[in-house]
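**Student:** Here's a structure for you.
The values are calculated or read from the model by the stated rules, or taken from the named source; none is laboratory data. Worth saying up front: this structure is predicted, and the values here are computed from it rather than measured. For neighbour counting, all protein chains shown are included, and Cβ atoms are generated from backbone atoms with ideal geometry for every residue, glycine included.
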Amino acid sequence: MMTDRIEDGIMKVLMLGSFQIDYKGITITSSDISSPMLLKLMSYVLYHHNRKTTSWEIIQNIWGMEELENHKGSLKSLVYRLRVLLRKYWPHDEFLITDFEGYHWNPDIDVLLDTDILEKGNAGTDIQLDSGRLECLLDAYKGKFMTECDDFYWVMYMRVYYHNKFVRFVTSYCNILKQRNDYTEIVDITRNFLKIDTMEEEFHYWLIYALIKQKKFTHASQMYEEALRYLYDDEETEISGQMRYLKSLIESSGRTVETEYDNLVYEILNLSKDAYILEKKKEKLAAVISINLCNKTCLASMPACGMNRCAETFEKLLLNNVRMNDVVIKNTNYEYIIVLKHCDENGA
């Protein structure tokens, strides 16, 4: 929701993600608008509710270069259909006003757009915004601008505009969290943002960087390979500098992975590090095995559903063959760590 509570007299309009209008206790979505052209006209007029729009401006933005015998006649017919639609839900309100130049929204009906929230963040001072303000800005972005109007030129332009603004806010917020060493929050928010846009490199970068800082090197490596699959499926495309930087961090951390697994053994066996070393010298205390079902080639060639079926089959096989006291941990979606008690690497 845009605010916790807004008066019924204010029309709330969502354009980031799915289109929705809330007014006087009634909600309509794009599914209630039968015609794509009606949705285009409604979204254009609502977005420009605070100014007049000429007939020619609307025609250019809605029909573009499409050839029509009577542009003004087509617009009048579309405006009439829009008025009929709005009266169906709010029969006592007059939303569109006609003048000699064109049409404009009734100024007596207040409109609050979700895009207004993003506009309040000044692009020149994003980094100066406090974390609470940035959280509010990030919460407003639910997805691409007007997802229902992919063939609308004006929408495509605004979609890029708001996406870039959103990415700047994310970067600012992640930098604040980095200063606080709050890498858990970075992981959480970037995972959510990747659900909105899997093709944004900045989100992949911050997720992988935070995992590295948490010393989750195996997971970071897997996410790095997955990011390459999304962003660089063409082998001829040069990998960006920030992604190469992440790769160098992952490669330099390789020597610490064994220590990472040893720490896991300490926790499972409920021993301190010194006690583990002493016990390990005395007897075969435990062996740690890491099995990763994925590699870059696998990720690129097999769909996610196929990998999931493969993982399910492997898990059943694994659980049916380990001993009663052994420990199996699913570290990531396709990586497993097995702790074999009273066994060394050779015996494993």
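**Student:** Could you list, ordered by first residue, the pairs with Cβ atoms under 6 Å in which the first is in the range 183-204 and without any contact (Cβ under 8 Å) to a residue 12 or more places away in the chain and the second is crowded, with 17+ Cβ neighbours inside 10 Å, at least 6 apart or interchain?
**Tutor:** Going by the 6 Å Cβ cut-off, the qualifying pairs are 185/177.
**Student:** Here is a follow-up. How about the range 222-237: which of its residues are touching a residue at least 12 places away in the same chain (Cβ under 8 Å) and in a loop (DSSP other than H, G, I, E, B)? Show your work before the answer.
**Tutor:** Our first condition is that a residue be touching a residue at least 12 places away in the same chain (Cβ under 8 Å); within the range 222-237, this holds for 222-231, 233.
Hit for the range 222-237 is 233, nothing else.
**Student:** Further, regarding this structure: For the range 173-210, which residues satisfy the criterion of being farther than 24 Å from residue 247 by Cβ and of a type in the set (Phe, Trp, Tyr)?
**Tutor:** Hit for the range 173-210 is 173, nothing else.
**Student:** Is there any pair linking a residue in the range 50-64 that is surrounded by fewer than 15 Cβ atoms within 10 Å (Cβ to Cβ) to one that is part of a helix (DSSP H, G or I), with Cβ under 7 Å and at least six apart or on different chains, and which?
**Tutor:** 64/153
**Student:** Out of everything in the range 14-53 that is assigned to a strand (DSSP E or B) and either among the hydrophobic types (A, V, I, L, M, F, W, C) or not assigned by TED's automatic domain parsing to the domain that holds residue 115 (or both), what residue ends up being nearest to the chain's Cα centre (by Cα)? Write out each step before concluding.
**Tutor:** Applying the first criterion (assigned to a strand (DSSP E or B)) to the range 14-53 yields 14, 16, 20-23, 26-29, 53.
Narrowing further to those that are either among the hydrophobic types (A, V, I, L, M, F, W, C) or not assigned by TED's automatic domain parsing to the domain that holds residue 115 (or both): 14, 16, 21, 26, 28.
Working: 14: 17, 16: 12, 21: 23, 26: 29, 28: 25 Å.
Selected residue: 16.
**Student:** Considering only residues that are in a helix (DSSP H, G or I), hydrophobic (A, V, I, L, M, F, W, C) and within 15 Å of residue 11 (Cβ to Cβ), which ones fall in the range 66-99?
**Tutor:** First pass over the range 66-99, keeping only residues in a helix (DSSP H, G or I): 71-89.
From what's left, hydrophobic (A, V, I, L, M, F, W, C): 75, 78-79, 82, 84-86.
If the condition is that a residue be in a helix (DSSP H, G or I), hydrophobic (A, V, I, L, M, F, W, C) and within 15 Å of residue 11 (Cβ to Cβ), then 82, 85, 86 are the ones that fit.
**Student:** Here is a further query. Return yes when residue 111 is within 22 Å of residue 203 (Cβ to Cβ) and at pLDDT 85 or above and no when it is not. Steps first, please.
**Tutor:** Numbers: within 22 Å of residue 203 (Cβ to Cβ): no; at pLDDT 85 or above: yes.
So residue 111 does not fit the description; no.
**Student:** Show the residue pairs meeting these rules: Cβ distance below 6 Å; 6+ apart or different chains; first residue within the range 145-159 and free of Cβ contacts under 8 Å to residues at least 60 places away in the same chain; second residue not β-branched (Val, Ile, Thr).
**Tutor:** 159/144; 159/145
**Student:** Could you figure out which of (1) surrounded by 13 or more Cβ atoms within 10 Å (Cβ to Cβ); (2) outside the structural domain of residue 41 (by TED's automatic domain parsing) isn't true of residue 159?
**Tutor:** It is condition (2) that residue 159 fails.
**Student:** Step by step: first the residues of the range 226-273, then only those that are among the β-branched types (Val, Ile, Thr) and within 30 Å of residue 199 (Cα to Cα), then the one that is modelled with the lowest pLDDT. Which residue is that? Even if it seems obvious, please write down each step before you answer.
**Tutor:** Applying the first criterion (among the β-branched types (Val, Ile, Thr)) to the range 226-273 yields 237, 239, 250, 256-257, 259, 265, 268.
Okay, now just the ones that are also within 30 Å of residue 199 (Cα to Cα), so 237, 239, 250, 257.
Numbers: 237: 80, 239: 90, 250: 87, 257: 49.
Among those residues, the one meeting the criterion is 257.
**Student:** Follow-up question, since we're still on this one. On the basis of being over 12 Å from the mean Cα position of the chain (by Cα), part of a helix (DSSP H, G or I) and either over 23 Å from residue 249 (Cα atoms) or outside the structural domain of residue 40 (by TED's automatic domain parsing) (or both), does residue 173 make the cut?
**Tutor:** Working: over 12 Å from the mean Cα position of the chain (by Cα): yes; part of a helix (DSSP H, G or I): yes; either over 23 Å from residue 249 (Cα atoms) or outside the structural domain of residue 40 (by TED's automatic domain parsing) (or both): no.
Answer is no for this residue.
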